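Everything on this sheet refers to the single structure shown next.
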């Protein structure tokens, strides 16, 4: 009957292999149909649409083996940009920023990456907070950068801890004891939302 939520659920079942044989290409086709419809921000279907954009971006980023969907970093970057800018999705902002930092799908743009990381970290995205902290740490804002990485480490998931902890520990090892103390105080303020 064309119900967006039901189609999204079916695509997700194919993507996860939940109750059906896992089939990323079938999921890709359904997500593509949802994305091609478009949606007005704030409508009832907004969440399904944004999730479809994010899934498609991931497929374009990685490609789908044994299918016509090959990695297309420019397309992935464009889809992340759409979800980040039009819908304010923090995960899209984070992934777009990482692509901008790495020059994936286009030119390196540190200034734009910092903008998107800042948006996502303000929405409480620990990964964005950590990467933002690392970028400004590398730029010479050692105390502030370390504080963001430490605050992110204190609020991240177990999965994120695997990549975030070594990043924070490396920065921690490069600063003076005085800078560490200042960063820990600032980190506590950041966690309280007083940054």
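Below is a table of values for the structure above.
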quantity: Contact order relative to length of the range 124-195, as percent, for alpha carbon pairs under 8 angstrom and 6 or more apart; calculated: 34
quantity: Pair residue 3, residue 155: separation of 7 Å Cα→Cβ label points (nm); calculated: 3.6
quantity: Cα shape, the range 1-80, gyration tensor, a/c 1.5 rule; calculated: oblate
quantity: Over the range 124-195 - Rg/Rh using Cα atoms and the Kirkwood inverse-distance radius; calculated: 0.93
quantity: Residues 99, 13, 54, 149, sorted so that the one with the fewest Cβ neighbours within 10 Å comes first; calculated: 13, 54, 99, 149
quantity: The range 1-111, relative contact order [Cα under 8 Å, separation at least 6], %; calculated: 16
quantity: Residues 107, 33, sorted so that the one with the fewest Cβ neighbours within 10 Å comes first; calculated: 107, 33
quantity: The chain - percent relative contact order, Cα under 8 Å, separation 6 or more; calculated: 10
quantity: Contour excess over end-to-end distance, with Cα ends at residue 191 and residue 75 and 0.36 nm allotted per residue; calculated: 38.3 nm
quantity: Net length gained if the chain between residue 177 and residue 123 were fully extended (0.36 nm per residue, minus Cα distance); calculated: 16.4 nm
quantity: Computed FRET value (nearest 0.05) for residue 141 with residue 32, which takes r as the C-beta separation and R₀ as 41 Å; calculated: 0.50
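Values quoted throughout were computed directly from the atomic coordinates according to the rules given, and no laboratory measurement underlies them. Note that the coordinates shown come from a computational prediction; the quantities given were computed from them, not determined experimentally. Neighbour counts are summed over all protein chains in view; Cβ atoms, including those assigned to glycine, are modelled from backbone coordinates with ideal geometry.
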